[in-house]
Amino acid sequence: MTVVTPDLLRRFDVPGPRYTSYPTADRFVEAFGEQEYVLALQQRKIGSVGKATPLSLYVHIPFCESLCYYCACNKIITRHPERAEVYLRYLSREIDLHTAHCGIGQQVSQLHLGGGTPTFLSDAGLRDLMAMIKRSFTLVPGGEYSIEIDPRTVDEQRLALLAELGFNRLSFGVQDFDPEVQKAVHRIQPAEKVFALVDSARRLGFESVNVDLIYGLPRQTPESFDRTLAQVAELRPDRIALYAYAHLPERFKPQRRIVTAELPQASAKVAMLARALEVFADSGYTYIGMDHFALPDDALAVAKRQGRLHRNFQGYSTQPDCDLIGLGVSAIGRIGATYSQNVKTLDEYYDAINQGNLPVVRGLALTRDDLVRRAVIMALMCQGELLYQPMEESWLIDFRQHFSAELQELQTLEQQGLVALSDEGITVTPMGWYFVRAVAMVFDRYLQANRNRARFSRII
Ligand code: SF4
C-alpha cells in the first residue's frame, strides 16, 4: 500500500488546475459568444443524426438561505423563495432556446443539479424543474442523476421526493462535523442530522451517497479533524470528496468574515490531509484520484479498476465523455470541440433571455493542439496511463517528437517516483496518483506559455 507522508505532500504541493476541462475555464474568451455556441449546437444536431449520442445536463440553482464564510461559489443569499420561482421560469425559456437549435427529446444520460443550493427550491419548484427537463429531454434508464444537498434544507420526506423525481445520487455538503468549526464558518448542521439523512437515503434506495469535506478551515486542528474523519468512516458514504480550503479573501468576499488567525498553519493542513488518506485507506476506500475516494463496490471504484474513468466539470465520472449543456447563471457547457459559459449575474441572465438570446458570455473553440493535449491529460488523469501508439494513430503525430520537451520534463517526475516512462508510453505510479495533477500540468500548453500559477488552488 502506498503511504503518502507529510514530507511527500509538502514536496509536491504545486499550485495547479483541477482539469475538469482542458483548456481550463480561465482560458475562455469573450470572442466566443452566443453565435459560436449556436453553431456548435447545430453541428451537434447534424452530426448526431441516427447516432443519438446522449447528453449531459448541468443546472445551476444560485440561491442559498444563509452564507457559508468559506464560499467561493456563484450564489445569491436570499430568504425569498419566490425569487426561485422567477428563476425557474427563465430556466424553462433557456431550455426552449436550446431545443430550438438541437431538437426536442434528445437523450440525456447524466444530470447534475448544483449551486448555490439546489434544495433551496421548494417541493413544487423541484417538481416543476424536473417536469420541464423531462418535457424537453429524454432521461435514459441507468443514467447518473445527481443533486447537491445542503443537509439543513432537507428531511426524509424531501429525499423521498428526490427519489420519486428520478435522482439516484446524492451529494451532501458536510465539510466538518466539529461544532466549533461549523460556528467559525457559519454553517451549523449537527452530525446527528447528517447521519439520519444518510440512513434515509439508504432506505430510499439511492445508488450512491457522496460526502464533501474540507480541510484547512478556521479552528480546525489535526485532532479535531481526526474526530470528523472517524465520524465519516462510521457514516460510510459510498464516495468522499476531500477539498483543501483556499483562503482568497481578496477574490471571494464571504471569506473576509473568516478570522485569519484561526486558520490552521500549513503544517497542520498537511497533517490533516495525510491523516485523511490514512483513515480512508484503513476504512477500505479506494483512492480514485484528485481528492476523490470511493468504496470498492461503488461504480467509480469499479470504473477505476477497469480503466473506464472519465472526467468532466463535476469531477470523475463513469459515463463516457459526452456533450454537456449548462443551464442557468454561470453554467459551463461543452459541445463538440467547444466550451461555453453563461453570464454570471441574474440581471444579465434575465436580460439575455428576454431578448430571446442564449445567455452565453464566453467560451472557447478548441484548436487541434488543445484537443491532442486534452486527450493526453485525460488519459493520464483517468487511466493513469498513456500509450504512444494509439495516441499516434488517433492524432497522426509522432508522440515522442511532438512532446519531446514534455517527456524531458517528465524525467524529473520519474526520478521522484511519480511516473514510469517506457518505450510504449507513460504510466502514473501508485504514488503518482496522489499528485496526478502535477503530471498533467506538464502537458498544459497554457501553463508553459505564461504562468501565474498562484491563481490556482494549491494541492494542499
Ligand atoms: S457554500 Fe454552498 S450553501 Fe454555502 S453559501 Fe456557498 S453555495 Fe451556498
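Within the stretch 145-158, residues that are of a type in the set (S, T, N, Q) and modelled with pLDDT of 95 or more have Cβ atoms under 7 Å from residues that are more than 10 Å from the ligand (Cβ to nearest atom) and outside any strand (DSSP E or B) in these pairs: Ser146/Phe167, counting only partners at least 6 apart in sequence or on another chain. Taking each residue of the stretch 64-81 that is near the ligand (Cβ under 7 Å from one of its atoms) and modelled with pLDDT of 95 or more and looking for partners that are of a type in the set (S, T, N, Q) and assigned to a strand (DSSP E or B) with beta-carbon atoms closer than 9 Å, six or more apart or interchain, yields Cys68/Gln175; Tyr70/Gln175.
Quick grid of which residues meet (1) modelled with pLDDT of 90 or more; (2) buried (at least 20 other Cβ atoms within 10 Å of the Cβ); (3) of a type in the set (Phe, Trp, Tyr); (4) outside any loop (DSSP other than H, G, I, E, B):
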site: Tyr19; (1), (2), (3), (4): yes, yes, yes, no
site: Tyr22; (1), (2), (3), (4): yes, yes, yes, no
site: Asp26; (1), (2), (3), (4): yes, no, no, yes
site: Ala31; (1), (2), (3), (4): yes, no, no, no
site: Glu36; (1), (2), (3), (4): yes, no, no, yes
site: Leu39; (1), (2), (3), (4): yes, no, no, yes
site: Arg44; (1), (2), (3), (4): no, yes, no, yes
site: Lys51; (1), (2), (3), (4): no, no, no, no
site: Tyr58; (1), (2), (3), (4): yes, yes, yes, yes
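Screening Leu364 against (1) farther than 26 Å from Thr427 by Cα; (2) surrounded by fewer than 18 Cβ atoms within 10 Å (Cβ to Cβ) leaves a single unmet condition, (2). Residue check: is Glu223 of a type in the set (Asp, Glu), surrounded by fewer than 15 Cβ atoms within 10 Å (Cβ to Cβ), at pLDDT 95 or above and over 25 Å from Ile288 (Cβ atoms)? Here the answer is yes, as Glu223 does meet what is asked.
Being among the β-branched types (Val, Ile, Thr) and closer than 23 Å to Ser317 by Cβ is the filter here, so list the residues in the stretch 365-416 that pass it. Within the stretch 365-416, Val372, Val376, Ile377 qualify. Among the conditions (1) in contact with a strand residue (DSSP E or B) (Cβ under 8 Å, 6 or more places away or on another chain); (2) more than 16 Å from the ligand (Cβ to nearest atom), the only one that Pro17 does not satisfy is (1). Mind checking which strands (runs of 3 or more DSSP E) fall wholly inside the stretch 87-202 and carry at least 2 residues that are within 15 Å of the ligand (Cβ to nearest atom) and in contact with a Ser or Thr (Cβ under 6 Å, 6 or more places away or on another chain)? Of the strands (runs of 3 or more DSSP E) lying wholly inside the stretch 87-202, those with at least 2 residues that are within 15 Å of the ligand (Cβ to nearest atom) and in contact with a Ser or Thr (Cβ under 6 Å, 6 or more places away or on another chain) span 137-149. Answer yes or no as to whether Asp282 is of a type in the set (Asp, Glu) and either at pLDDT 90 or above or more than 15 Å from Asn210 (Cα to Cα) (or both). So Asp282 passes the test. Please enumerate the residues belonging to the stretch 76-106 that are β-branched (Val, Ile, Thr), over 25 Å from the mean Cα position of the chain (by Cα) and surrounded by 15 or more Cβ atoms within 10 Å (Cβ to Cβ). Within the stretch 76-106, just Thr99 meets the criteria. Summed over the stretch 417-445, residues that are modelled with pLDDT under 90 and not in a helix (DSSP H, G or I) total 2.
The values are calculated or read from the model by the stated rules, or taken from the named source; none is laboratory data. For clarity, every value in this text was computed on a predicted model and none was experimentally measured. Positions of Cβ are generated from backbone atoms using ideal geometry, with glycine treated the same way; all protein chains shown enter the neighbour counts.
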